[in-house]
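As structure tokens, the structure follows; a few thoughts come after it.
The values are calculated or read from the model by the stated rules, or taken from the named source; none is laboratory data. Predicted model, so just to flag it, every value in this text is computed and none were measured. No Cβ is skipped: glycine too gets one built from the backbone with ideal geometry, and neighbour counts run over all protein chains shown. Surface accessibility is based on the protein's heavy atoms, side chains included, excluding ligands, DNA and RNA. Shrake-Rupley method; radii C 1.70, N 1.55, O 1.52, S 1.80 Å.
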Amino acid sequence: MNTIIAPSIDETVRLAVASVHDPEYPGISIAQLGLVEGIRVEGATAFVDLIPTYGGCPALDFIASDVRNAVL
């Protein structure tokens, strides 16, 4: 008998966020760059806290949109 263990919702969200790459550094994930401050899931809602590389980072809006799309 084979047992299949599905990832938890938390882990699924973490994997989705980790798949997002920084637009200024193609091939490097935002998780690798340390831009993800925290992730929590409450019911059907995921909250992802991002840290910009510097104040006023123009890429942060693009990254937030990519994170939203990946998690959805």
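Restricting to Cα pairs below 8 Å that are 6+ residues apart, what does the relative contact order work out to for the chain? Please round to a whole percent.
31 percent
Using the alpha-carbon atoms, what tilt in degrees (0 to 90, nearest 10) does helix 60-71 show relative to the longest principal axis of the chain?
Here the helix axis deviates by roughly 10 degrees.
Among the chymotrypsin sites (Phe, Trp or Tyr not before Pro) within the chain, which fall in a DSSP loop and have no more than 10 other Cβ atoms within 10 Å of their own Cβ?
Here the sparse-neighbourhood loop sites are TYR54.
Using amide H atoms built 1.01 Å from N in the peptide plane, name the residues 5+ places from VAL36, or on other chains, whose amide H lies under 5 Å from its own.
ILE51
Considering only DSSP states other than H, G, I, E and B, which GluC sites (Glu not before Pro) in the chain qualify as loop sites with at most 14 other Cβ atoms within 10 Å?
Hits after loop and neighbour filter: GLU24.
For helix 9-18, report the angle its Cα long axis makes with the longest principal axis of the Cα atoms of the chain; keep it between 0 and 90° and round to the nearest 10°.
With rounding to tens, the tilt is 40 degrees.
State the three equivalent ellipsoid semi-axes of the chain, derived from the C-alpha gyration tensor as the square roots of 5 times its eigenvalues, in descending order and whole Å.
26, 14, 10
With a 1.4 Å probe and all protein chains kept in place, how do ILE5, ILE51 rank by accessible area, largest first?
The ordering from most to least exposed comes out as ILE5, ILE51.
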